Every structure is written in structure tokens, then in C-alpha cells.
Amino acid sequence: MRAKIRDTEIYFDVEGAGLVPDGPKMREKPIALIIHGGPGADHSSYKPTFSSLRDRLQLIYFDLRGQGRSKRGPKQTYTLENNIEDLEALRQYLGLDKIALIGTSYGGMVALSYASRYPENISRLVVIATTASYHFLERAKAILARKGSPEQIAIAQKLWQGNFQTEAELREYFDVMGSMYSLKYDPNSSREGWQRTIFSIDAINVAFSSCLRSYNVLEKLPKINAPTLVIGGKEDWICPPEFSEAIAKAIPNAKLLMFENCGHLIRSDRPEDLLNSIDSFFK
């Protein structure tokens, strides 16, 4: 399905009924929008892992502008600011009141930015393996220099500089960096997942060459008053655990969960624990 909003067109997909029988009446389930990471990827890697949440939530997956199955446009429009306002426009397009947000990595940055700008629209917030400021960049470079192989350190220069030239280069990046992102990295199964992904080099290049270098919502997080769950991986190299701790400290009454033996891709390293934690949070 597609929503023509603002100056673009956003692809979205719905999983799970919103209205379900509950004894003598119909019960409305909470609606949760899943915000994918990257940027430059799409929502496909969340299926079918997140599907188990559909019994408790109606899930709305969507691809950020210029990514996945959403409409391409001028690359200078692929900004965090537009991602925030696209999310608000999508909420209005779908006729939704309060929404829950589940954002991972860059999707978590979008979720935090949106929730601090539009706190009145948020019922619950879940952010996974993410950060509230650009300070993660230098920390990630330091961790990679210590733990990464020479090949990984070399190919990561394309990420830091935001200069991927082709989709093949971006796919190679994730192949080479796989063991940094997931402690349970399996080249065969991971490659199959990446084959399903529609990549956008423009989106990731714009993010790492410009907007992520000045991104900082840490001081705005106290505006968030919805129940919040912050989840991090103890071995996350690109959004290290101290950034999850900072988010949880800044948001009033936020709950922090840190998973041992877990990298950035928590949905790969600890999928059952991740989903059980989210499910319990929404009970």
C-alpha cells in the first residue's frame, strides 16, 4: 500500500487485525509503527521476526522516503527532518490518534526525534540499539579500530565518508562487516536476508556525510512522557551501550534493558528475548 504524503510517496504494509473479538465485544489493539534502520535499507529484515507481535499489536511497517519501496526523489530531501515530518504525515493519512513507535538503529533516531517533537501523539515508545547524538560516530570508529579486521576498517571508510558508489558496494559492506554487527553472524542466512533488501545508497550517503554529523536530541528527550523501553546490546559496536544508557537516563521513567552477548543486530542475536521484552512491555 502507498500513502501520497507531503512531496513523496511512502510504502507501508499492515500485519495483524486492529479490531479483534474479545468475549461479547470487539477490542481495539494498540497500533505500532515499525521504523527500520540503515538508513538506506528497508523494512523487509523485520519480517517474519516481528510477526509474533501481531497477536498483541497491529503492526505497520513502512519504508522511509527514498528507500525500499517508497518513492525516490531528490537525494537532498533524504534527511532526518523529512523522516520526522513524513512520519507525522503518515499518522494523519492513516487517521490514527496516539501511536506506538518501535525504532531500531537509525529508526530509533527517527523515533526519538519524533517523540520529542510530538510527545502528545505517542502512546508507547520502544527504541532498540540506537543513540540520541552524533557522538556515537567517533566512539564507533574507535571500537572498530580496536576490534575490526583491516578489511573491515578499510571498507568502513565508505560509511564514514558517505561515498558508496553502487548498491553492490553497499551489499559488500554488510557482507564484510557482518561479524561486527551480529555475534551470531552466518554469511549464508544473512546474505539471503540482504538479497531481499532494497538498498538506497543515496539515503545512507546523505545521512553519514551530513545530517548524522550534527544530530543531537539528547536535551529534548525529557519532553517524552509516554512509557518508554530502551534496549541495547552490550557488544554493539556502532551504537555502543553507553548511548542506550544515556537515552534511558534522559527520558522520565524509561526502562532500560541491556542484553549480554549481543551486538547491534539484537533481532539476530537474541530474537526471542527481544520480542518477549517488547510483548511484556505492551501487556
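The values are calculated or read from the model by the stated rules, or taken from the named source; none is laboratory data. Treat the numbers as computed from the prediction; the structure is a model and nothing was measured. FYI the Cβ positions are ideal-geometry reconstructions off the backbone, even for glycines, and counts take in every protein chain you see.
For Glu167, work out the one condition from (1) touching a Phe, Trp or Tyr at 6+ places or on another chain (Cβ under 9 Å); (2) closer than 29 Å to Glu245 by Cα; (3) not hydrophobic (A, V, I, L, M, F, W, C) it doesn't fulfil.
(2)
In region 66-117, which residue that is in contact (Cβ under 8 Å) with a residue 40 or more places away in the chain and among the β-branched types (Val, Ile, Thr) is farthest from Ile247 (Cα to Cα)?
Thr77
Only one residue in Ala248, Ala254, Ala226, Ala203 is hydrophobic (A, V, I, L, M, F, W, C), touching a Phe, Trp or Tyr at 6+ places or on another chain (Cβ under 7 Å) and modelled with pLDDT of 95 or more, so which one is that?
Ala203
Looking at Gln195, Gln165, can you tell me which residue is of a type in the set (S, T, N, Q) and part of a helix (DSSP H, G or I)?
Being of a type in the set (S, T, N, Q) and part of a helix (DSSP H, G or I) holds for just one of Gln195, Gln165, which is Gln195.
Among Gln152, Gln195, Gln157, which is the only one that is more than 20 Å from the chain's Cα centre (by Cα), polar (S, T, N, Q) and closer than 30 Å to Pro74 by Cβ?
Residue meeting the stated conditions: Gln157.
Among the residues of region 233-250, is any in contact with a helix residue (DSSP H, G or I) (Cβ under 7 Å, 6 or more places away or on another chain), in contact (Cβ under 8 Å) with a residue 24 or more places away in the chain, surrounded by fewer than 17 Cβ atoms within 10 Å (Cβ to Cβ) and not in a helix (DSSP H, G or I)?
Yes, that holds for at least one residue.
Residue by residue through region 227-247, note down the ones that are of a type in the set (A, V, I, L, M) and farther than 16 Å from Val110 by Cα. It would help to see each step written out before you state the result.
Of the residues in region 227-247, the ones of a type in the set (A, V, I, L, M) are 229-231, 238, 246-247.
Answer for region 227-247, where residues must be of a type in the set (A, V, I, L, M) and farther than 16 Å from Val110 by Cα: Ile238, Ala246.
Is there a residue in region 52-59 that is closer than 30 Å to Lys158 by Cα, surrounded by 20 or more Cβ atoms within 10 Å (Cβ to Cβ) and either touching a strand residue (DSSP E or B) at 6+ places or on another chain (Cβ under 8 Å) or among the aromatic types (Phe, Trp, Tyr) (or both)?
No, every residue in region 52-59 fails to be closer than 30 Å to Lys158 by Cα, surrounded by 20 or more Cβ atoms within 10 Å (Cβ to Cβ) and either touching a strand residue (DSSP E or B) at 6+ places or on another chain (Cβ under 8 Å) or among the aromatic types (Phe, Trp, Tyr) (or both).
Please return the ranges of strands (runs of 3 or more DSSP E) entirely within region 1-108 where 1 or more residues are closer than 25 Å to Ile238 by Cβ, among the small types (Gly, Ala, Ser) and under 18 Å from the mean Cα position of the chain (by Cα). Explain how you work it out, then say what you get.
On the way: elements: 2-5, 8-15, 19-22, 25-28, 31-35, 58-62, 99-104.
Those strands (runs of 3 or more DSSP E) span 31-35, 99-104.
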